[in-house]
1. Could you give the nm distance between label points at K115 and T242, where each point is 7 Å from its Cα heading toward the beta carbon?
2. Counting other C-beta atoms within 10 Å, and keeping those with at most 14, which DSSP coil chymotrypsin sites (Phe, Trp or Tyr not before Pro) do you find in region 143-192?
3. Given +1 on the Cβ of Lys and Arg, -1 on the Cβ of Asp and Glu, and no further charges, what dipole in debye does the chain carry about its Cα centre, rounded to the nearest 20?
4. Mind checking region 42-71 for chymotrypsin sites (Phe, Trp or Tyr not before Pro) that DSSP puts in a loop (not H, G, I, E or B) and that have at most 16 other Cβ atoms within 10 Å?
5. Where Lys and Arg each count +1 and Asp and Glu each count -1, what net charge lies around P280 among other residues with Cβ under 14 Å from its Cβ?
6. Looking at region 10-85, which GluC sites (Glu not before Pro) are DSSP coil and have at most 15 other C-beta atoms within 10 Å of their C-beta?
7. With a bin width of 10 angstrom, please list the P(r) values of region 190-316 as percents of all Cα-Cα pairs, from the 0 bin to the one holding the largest distance.
8. Are there any helices in the chain, counted as whole DSSP H runs, that stretch 30 Å or more along their axis by Cα and score at least -0.5 on average by Kyte-Doolittle, and if so which?
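Bear in mind that the values in this text are calculations on the coordinates, not laboratory data. All values reported here derive from a predicted model rather than from experimental measurement. Don't worry about glycine lacking a Cβ; one is built from the backbone with ideal geometry, like all the others, and counts go over all protein chains shown.
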Amino acid sequence: MTSAAGRGYHARSRVLVTGGAGFLGSHLCEKLLEAGADVICLDNFFTGTKDNIRHLLDHSSFELLRHDVTFPLYVEVDQIFNLACPASPVHYQSDPVQTTKTSVHGAINMLGLAKRLRCRILQASTSEVYGDPELHPQPESYWGRVNPIGPRSCYDEGKRCAETLFFDYHRQHALPIKVARIFNTYGPRMHPSDGRVVSNFVVQALRGKPLTLFGDGSQTRSFCYVDDLIDGLLRLMRSDDTFVGPVNIGNPGEFTVRELAELVIELTGSSSQIEYHPLPQDDPTQRQPNIELAEQALDWRPRVELREGLSRTIEYFDQLLGQGDE
Ligand code: NAD
Ligand code: UDP
């Protein structure tokens, strides 16, 4: 197996991170460099930005590659983290055909690369594979309830098909795969106009603008702080070859979106009001990970409570908006 599978990374272990200039990808690149890996960060800058990785550009073990995963790639690496894909509903719905291509063609290209190199490959899958779930909280054994033809389908079905491809490459080609199902993750380096709920509310509150609450705000999400999530992905990548997932990585602390809005207003000390907007089609009514598998197999559990993680995120956006950097 690859030399990069241990706790730290051996010198010269080369790790490819697709979507490396995005929110999660940039944190992952940072942690991999800290662990001693050589990192190739691949991105087409659809939602990611150079600002997220600017502090890494001078690092001797960091390399940036502008590339679109829907096209084949030939590099020599020891591990692949496949994160390339817009994650915010606003962005993945803005070019839905490209979103499906990114998930499906991107998975085929990266799996093909991994097969040629015989290296480990981890897929950033999502809680969206469960759709609008009837089972609560969601265990990995649940097959989900996804609308195949709605506005979210380009993302949900693209990610489901990517999981299928990962498991077929595993069964058919004995490829060492890892599949993480990521639940709503937030933190510094989300783009201020990313469109996801945490960044929207924090930016709106800091600007004294109304918080745009969709529906009556009774829908729930379970929010995971970025550092916890990255720790989970790294543990999964270095787990035993026999453990492939899928495994839920998320924080089981469940909140209504209205509770989130109220907490953001409290923590920012903002005078913003809540403004109600129509609920988008197919918006899941509840979401909470069952993380027993991650606890058992990876000895992983989240550490950062929402209040603490939100405070760190607010601090980040406060500084960013103060610089007029939007
Ligand atoms: P993000 O939008 O910040 O990052 C995605 C990155 O992928 C961006 O840098 C973007 O430019 C890049 N990208 C998009 N299409 C590409 C393409 N065709 N070729 C190359 N690069 C491309 O989102 P994120 O929150 O960092 O999400 C990273 C991954 O984790 C995604 O695959 C997402 O589906 C998954 N995920 C994230 C969450 C979350 O809450 N953050 C939840 C579930 C799953
Ligand atoms: N949401 C909201 N206001 C916003 C953005 C999102 O009320 O400005 C709601 C959205 O309808 C959903 C939840 O917050 O119920 C989470 O949305 P997000 O886009 O962050 O991610 P999702 O989990 O839906 O993919």
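1. 2.6
2. Answer in residue order: W143.
3. Using only the charged Cβ atoms, the result is roughly 840 debye.
4. F45
5. Neighbourhood net charge equals -3.
6. Counting only loop positions with at most 15 other Cβ atoms within 10 Å, the GluC sites (Glu not before Pro) in region 10-85 are E76.
7. Result, from short to long distances: 12, 38, 31, 15, 3, 0 percent.
8. Result, helices passing both filters: 96-117.
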